[in-house]
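Asker: Quick one: the structure is below, and I'll ask about it shortly.
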Amino acid sequence: MRRTFALVVLLAFVLSAGVMAASKMVRCAFDGMAMKESMMKKATVKGETLYFCSDTQKNTYIKSPQKYRRTTKVGDLKATIIFLTHKEHMQAMKGMGMKMKMAKKPTGTHHVAVCLQDKNGKDVKPTKVLIRLTDPKGKGVTKPLMWMQSMSHYGADFDLAAKGKYKAAVMVLDAGTQIQSSVDYTVK
């Protein structure tokens with residue numbers, strides 16, 4: 001009887017672990033969307049395992065991995081910043097079989113997304129996230145990022161029309177504290 005009970009408990013544990021593993025959420029390296037790992041395309045890029053929503057996104061990213069994604073530490077958080085032109089974003093959605101109709105015309109040339117994770121890799125959603133983009137001539141614009149429920153990240157549209165190096169400073173405001181970190185992004 002004890003042996004049967006122990007086997008049932010062990011089987012239940014193994015099955016629940018399998019269900020948890022099957023439902024693990026990961027982020028697309030191309031557009032930042034969070035999805036179940038089992039639904040994503042997987043690739044190893046520069047020794048790092050990355051996930052993508054579609055083969056189109058994976059192939060586009062692999063051609064120029066330095067173009068789209070930056071990571072930095074913002075205090076104890078890992079911030080992943082993704083830069084996509086509106087054209088790249090629409091092509092990626094089309095590659096996934098999605099027909100997107102924009103509620104309004106995008107403002108600017110790029111969509112910038114920010115994903116935040118704690119030291120254990122768990123997604124976090126602080127009170128407010130802002131980004132300051134400084135163009136190659138030193139002119140900056142600061143915007144609060146909106147929480148985009150469907151993508152499960154923060155984002156906003158920006159005008160990155162000038163060619164050259166931009167500085168992107170991510171600012172996180174939570175529980176009365178402000179922390180920030182910066183990355184560079186080049187428009188060619």
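The values are calculated or read from the model by the stated rules, or taken from the named source; none is laboratory data. Quantities reported herein were computed from a predicted structural model and do not represent experimental measurements. When we count neighbours, we look across all protein chains shown, and the Cβ atoms used for this are built from the backbone with ideal geometry, even at glycine.
Asker: Would you pick out the residues in region 107-128 that are exposed (fewer than 15 other Cβ atoms within 10 Å of the Cβ), touching an Asp or Glu at 6+ places or on another chain (Cβ under 9 Å) and at pLDDT below 90?
Answerer: Within region 107-128, Thr107, Thr127 meet the criteria.
Asker: Same structure again: Give the residue that is farthest from the chain's Cα centre (by Cα), with candidates limited to residues of region 70-94 that are among the basic types (Lys, Arg) and either buried (at least 17 other Cβ atoms within 10 Å of the Cβ) or not in a helix (DSSP H, G or I) (or both).
Answerer: Of all residues in region 70-94, those among the basic types (Lys, Arg) come to 70, 73, 78, 87, 94.
Then drop every residue that is not either buried (at least 17 other Cβ atoms within 10 Å of the Cβ) or not in a helix (DSSP H, G or I) (or both), which leaves 70, 73, 78.
On the way: Arg70: 10, Lys73: 14, Lys78: 11 Å.
Within region 70-94, the match that is farthest from the chain's Cα centre (by Cα) is Lys73.
Asker: Is one or more of the residues making up region 103-110 within 16 Å of the chain's Cα centre (by Cα) and over 19 Å from Lys24 (Cβ atoms)? Steps first, answer last, please.
Answerer: If we filter region 103-110 for residues that are within 16 Å of the chain's Cα centre (by Cα), which is where we start, we get 110.
Still in the list and also over 19 Å from Lys24 (Cβ atoms): 110.
Within region 103-110, one or more residues are within 16 Å of the chain's Cα centre (by Cα) and over 19 Å from Lys24 (Cβ atoms).
Asker: If you don't mind, another one. Just a yes or no: is a residue in region 49-67 at positive phi and modelled with pLDDT under 95?
Answerer: At the first step, the residues of region 49-67 found to be at positive phi are none.
No, because not a single residue in region 49-67 is at positive phi and modelled with pLDDT under 95.
Asker: In this structure, is Ile131 buried (at least 17 other Cβ atoms within 10 Å of the Cβ) and hydrophobic (A, V, I, L, M, F, W, C)?
Answerer: Answer is yes for this residue.
Asker: Applying the selection to region 140-158, what residues are part of a strand (DSSP E or B), among the hydroxyl-bearing types (Ser, Thr, Tyr) and within 15 Å of Asp31 (Cα to Cα)? Before you say what the answer is, go through the steps one by one.
Answerer: The initial filter retains those residues of region 140-158 that are part of a strand (DSSP E or B), namely 140-144, 146-148, 153-158.
Adding the requirement that they be among the hydroxyl-bearing types (Ser, Thr, Tyr) leaves 142, 154.
Of everything in region 140-158, just one residue is part of a strand (DSSP E or B), among the hydroxyl-bearing types (Ser, Thr, Tyr) and within 15 Å of Asp31 (Cα to Cα), namely Tyr154.
Asker: Another question about this same structure. Just to be sure, is Val183 touching a residue at least 12 places away in the same chain (Cβ under 8 Å), buried (at least 16 other Cβ atoms within 10 Å of the Cβ) and under 21 Å from Thr60 (Cα atoms)? First the steps, then the outcome.
Answerer: Values: touching a residue at least 12 places away in the same chain (Cβ under 8 Å): yes; buried (at least 16 other Cβ atoms within 10 Å of the Cβ): yes; under 21 Å from Thr60 (Cα atoms): no.
Against the criterion (touching a residue at least 12 places away in the same chain (Cβ under 8 Å), buried (at least 16 other Cβ atoms within 10 Å of the Cβ) and under 21 Å from Thr60 (Cα atoms)), Val183 does not qualify.
Asker: Okay, moving on. Any idea how many residues of region 144-167 are of a type outside the set (A, V, I, L, M), at pLDDT below 95 and loosely packed, with under 15 Cβ neighbours inside 10 Å?
Answerer: So the count comes out to 4.
Asker: On to the next question. When Met171 is evaluated against the numbered criteria (1) part of a loop (DSSP other than H, G, I, E, B); (2) buried (at least 17 other Cβ atoms within 10 Å of the Cβ); (3) in contact with a Leu (Cβ under 8 Å, 6 or more places away or on another chain), which criterion, by number, is the only one it fails?
Answerer: The single condition Met171 does not satisfy is (1).
Asker: Report the residue count in region 141-176 for those that are free of Cβ contacts under 8 Å to residues at least 12 places away in the same chain and more than 19 Å from Gly32 (Cβ to Cβ).
Answerer: The number of residues fulfilling the criteria is 1.
Asker: May I pose another question? Please name all residue pairs, on different chains or six or more residues apart, with Cβ atoms under 7 Å, provided the first residue is in region 26-38 and is surrounded by fewer than 23 Cβ atoms within 10 Å (Cβ to Cβ) and the second residue is part of a helix (DSSP H, G or I) and not acidic (Asp, Glu).
Answerer: Ser38/Ala22
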